[in-house]
Amino acid sequence: MKLLKALAFFLALFSAPAFAGPEAFHPGDAIPDYGRIADVDNEYPIAEGTEFHVAFDLAEAGEPGEVNRGLESLARFINMHAAAGVPAEDIHLAVVIHGGATHDVTNDAHYEPLKEMPNANAALVAALNEHGVRIYVCGQSAAYNDVSNDDLLPGVTMALSAMTAHAQLQQEGYTLNPF
């Protein structure tokens with residue numbers, strides 16, 4: 001009887017659904033080089049016709065030579081929702097960059113002398129631009145960090161401040177992503 005119980009225990013253990021770890025993440029179809037996603041058995045479906053207007057806030061700098069995880073979250077959002085069937089034209093994203101992340105959206109002429117390597121975020125910013133992501137940098141943080149409009153990567157717009165950009169985006173119907 002003990003042997004039968006032990007056998008039943010091991011069968012239950014090995015037949016239980018496995019929880020996947022990092023290996024469950026794969027490239028998305030929209031931006032395959034960034035924003036890896038996992039397939040999810042979603043019990044809170046996205047209603048047909050849903051249109052997203054989401055603003056992200058990014059103040060934390062990425063490590064030199066690495067893509068900023070906050071910027072990559074935008075690619076993940078696009079990839080997840082495209083995989084869930086949301087049409088690209090219904091995904092409207094913006095990111096407001098300030099603080100230490102300010103340098104992460106500058107060109108190599110500005111970035112390289114500071115970090116001693118090219119900006120690893122440039123290709124991701126270009127990919128986000130291709131998907132219509134609005135990228136704003138806080139003018140106050142830019143002034144503090146000696147960043148001019150000419151120092152910004154293509155597609156990055158100087159705003160008066162992060163506070164102003166968020167207020168304007170909210171007036172346009174964007175919700176603030178809390179992550």
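Things to note:
- GNM flexibility winner over the chain from Gly70, Gly21, Gly85 (Cα, springs under 10 Å): Gly21
- Length gained when the stretch Gln171-Asp41 is fully extended (0.36 nm per residue, less Cα-Cα span): 43.4 nm
- Selected from Thr164, Thr106, Thr50 as most flexible by GNM, with the chain as the system and alpha-carbon contacts under 10 Å: Thr50
- Separation of the Ala126 and Asp90 label points, Cα + 7 Å toward Cβ, nm: 3.1
- Proximity of backbone amide H atoms, modeled 1.01 Å from N, is registered between His26 and Ile37, Ala38 at under 5 Å, excluding neighbours fewer than 5 places apart on the same chain.
- For the options Glu60, Glu48, Glu130, a Gaussian network treatment of the chain with springs between C-alpha atoms closer than 10 Å singles out Glu48 as fluctuating the most.
- This ranking places Ser148, Ser161 by how few other beta-carbon atoms lie within 10 Å of each, fewest first, which gives Ser148, Ser161.
- Which label in (1) 20.3; (2) 16.4; (3) 18.2 gives the computed Kirkwood radius over Cα pairs in Å: (3)
- Debye intensity ratio I(q)/I(0), log10, the range 75-159, q values 0.22 Å⁻¹ (C-alpha model): -0.99
- Least to most buried among Phe56, Phe179, Phe25 (fewest other Cβ within 10 Å first): Phe179, Phe25, Phe56
All of the numbers you see were taken from the coordinates with simple rules; none came from a lab. A quick note: this is a predicted structure, and the numbers were derived from the prediction, not measured. Here Cβ is always computed from backbone atoms with ideal geometry, including for glycine, and neighbour counts include all displayed protein chains.
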